[in-house]
Amino acid sequence: MFQLPTAHTNTSSRPLIMGVVNVTPDSFSDGGYYYSTEQAIDHAKSLIDEGADILDIGGESTRPGSLSVSVEEELDRVIPVLKAIAGKDIPISIDTSKPVVMRHAIDSGATIINDINALQTPDALETVASNNHVTICLMHMQGNPQNMQANPKYKDIVTEVKTFLQERINTAKAAGISQQRLIIDPGFGFGKTLQHNLELLHHLDSFTDLGVPILAGLSHKSMLGAITGNDVNNRIHESVAAALLAVTKGAKIVRVHDVKATREALAIYNAIHHKEA
């Protein structure tokens with residue numbers, strides 16, 4: 001099983017970098033750039049060379065307003081890439097909510113399931129529970145990609161997201177999935193306004209109370225562009241800053257497009273952090 005970093009902020013374990021490989025024509029940041037199998041494999045190899053600790057392969061865009069693709073289409077996109085990278089001695093995550101895709105991905109070498117639907121799809125819990133070597137990331141999302149940004153509302157964003165994630169942790173454990181196999185993601189940009197996202201980031205350290213590692217996915221997202229005014233193709237600096245802030249707030253994994261830049265920024269943080277420890 002993929003070795004998870006320690007959940008709590010008072011440890012010296014190095015935060016991990018999850019590099020994004022979107023095998024899609026329509027993802028919000030790099031859709032279409034690595035759509036062919038060959039392009040996606042080359043990109044994955046580049047991210048490994050840049051120092052990625054994990055690769056996250058996805059075959060279905062989850063940007064606001066995106067439409068779902070069939071199981072067959074998703075499998076055709078991701079499985080050849082996954083099989084080509086499976087021998088590269090790096091943990092591979094599959095970004096999917098479909099149990100059939102999960103099963104095929106696990107059979108092809110994936111050791112992490114990154115599910116924006118937090119295993120709420122019928123048969124998803126059973127699929128991962130029966131594979132004891134697989135780690136699962138449970139994410140919060142209000143609504144679905146088609147409607148999540150229409151009018152997101154919360155009375156208390158931090159409490160509501162934490163309550164949801166605690167419930168999904170409890171459900172996973174009741175299905176036979178040990179807590180040691182779980183990661184949580186508060187779902188930045190998934191049914192949240194800019195202010196919701198900023199509030200979550202400000203209080204991200206409170207999520208360590210849930211006792212599992214936190215993954216933060218802020219890279220290139222519209223919340224960053226709303227602050228700086230930069231378009232999606234020019235958000236490297238703010239993405240690195242956001243990843244670094246997330247780590248200072250307890251994130252143990254950061255999901256990013258810009259692996260080299262993030263790695264170098266975190267090297268400075270790690271050097272200072274370990275010196276102070």
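A short reminder: the numbers here are calculations on the coordinates, not readings from a lab. Small disclaimer: the values here were computed from a predicted structure and weren't measured. Positions of Cβ are generated from backbone atoms using ideal geometry, with glycine treated the same way; all protein chains shown enter the neighbour counts.
For Thr24, what residues show an amide H to amide H distance below 5 Å, using hydrogens built from the backbone and excluding near sequence neighbours?
The answer is Gly32, Tyr34.
At a 10 Å Cβ-Cβ cut-off, how would you order Met139, Met223, fewest neighbours first?
On the way: Met139 26, Met223 20.
Least to most surrounded, the residues fall as Met223, Met139.
For the range 76-168, which trypsin sites (Lys or Arg not before Pro) are both in a DSSP coil and crowded by at most 15 other Cβ atoms within 10 Å? Write out the running numbers ahead of the final one.
Working: sites: Arg77, Lys83, Lys88, Arg103, Lys153, Lys155, Lys162, Arg168; in loops: Lys88, Lys153, Lys155.
Here the sparse-neighbourhood loop sites are Lys88, Lys153, Lys155.
How much net charge surrounds His203 when only other residues with a Cβ under 14 Å from its Cβ are counted (Lys, Arg +1; Asp, Glu -1)? Don't skip to the answer; put the middle values down first.
Details: positive: Lys162, Lys192, Lys249; negative: Asp156, Glu160, Glu199, Asp205, Asp209.
Result for the local shell: -2.
Between their Cα atoms, which of Lys153/Lys221; Lys83/Lys252; Lys88/Lys221; Lys173/Lys252 are more than 23 Å away from each other?
Values: Lys153/Lys221 19 Å; Lys83/Lys252 27 Å; Lys88/Lys221 29 Å; Lys173/Lys252 21 Å.
Violating the 23 Å Cα-Cα cut-off are Lys83/Lys252; Lys88/Lys221.
Give the Rg (one decimal place) followed by the Dmax (whole number) of the range 16-276, computed from C-alpha coordinates and expressed in Å.
17.1, 51
Which of Asn230, Ile79, Tyr269 sits closest to the plus end of the dipole of the range 16-276, meaning its Cα is farthest towards the positive end, when Lys and Arg get +1 and Asp and Glu get -1 on the C-beta?
Tyr269
Work out from phi, with θ = phi - 60° and the Karplus expression 6.51 cos²θ - 1.76 cosθ + 1.60, the ³J(HN,Hα) of each residue of the range 110-123, listed in order in whole Hz, and give x for Gly and Pro.
With the stated coefficients, the range 110-123 comes to 5, 10, 9, 9, 10, 10, 5, 9, 6, 6, 8, 5, x, 6 Hz.
In sequence order, what are the phi-derived ³J(HN,Hα) couplings for the range 241-258 according to the Karplus relation 6.51 cos²θ - 1.76 cosθ + 1.60 with θ = phi - 60°, rounded to whole Hz, with x for glycine and proline?
Once rounded to whole Hz, the list reads 4, 5, 4, 5, 4, 4, 5, 5, 9, x, 5, 9, 9, 10, 9, 9, 8, 9.
Using the Cβ atoms and a cut-off under 14 Å, what net charge is assigned to the surroundings of Ile54, where Lys and Arg are +1 and Asp and Glu are -1?
Numbers: positive: Arg14, Lys88, Lys252, Arg255, Arg263; negative: Glu50, Asp53, Asp56, Asp89, Asp95, Asp185.
Counting the neighbours of Ile54, the net charge comes to -1.
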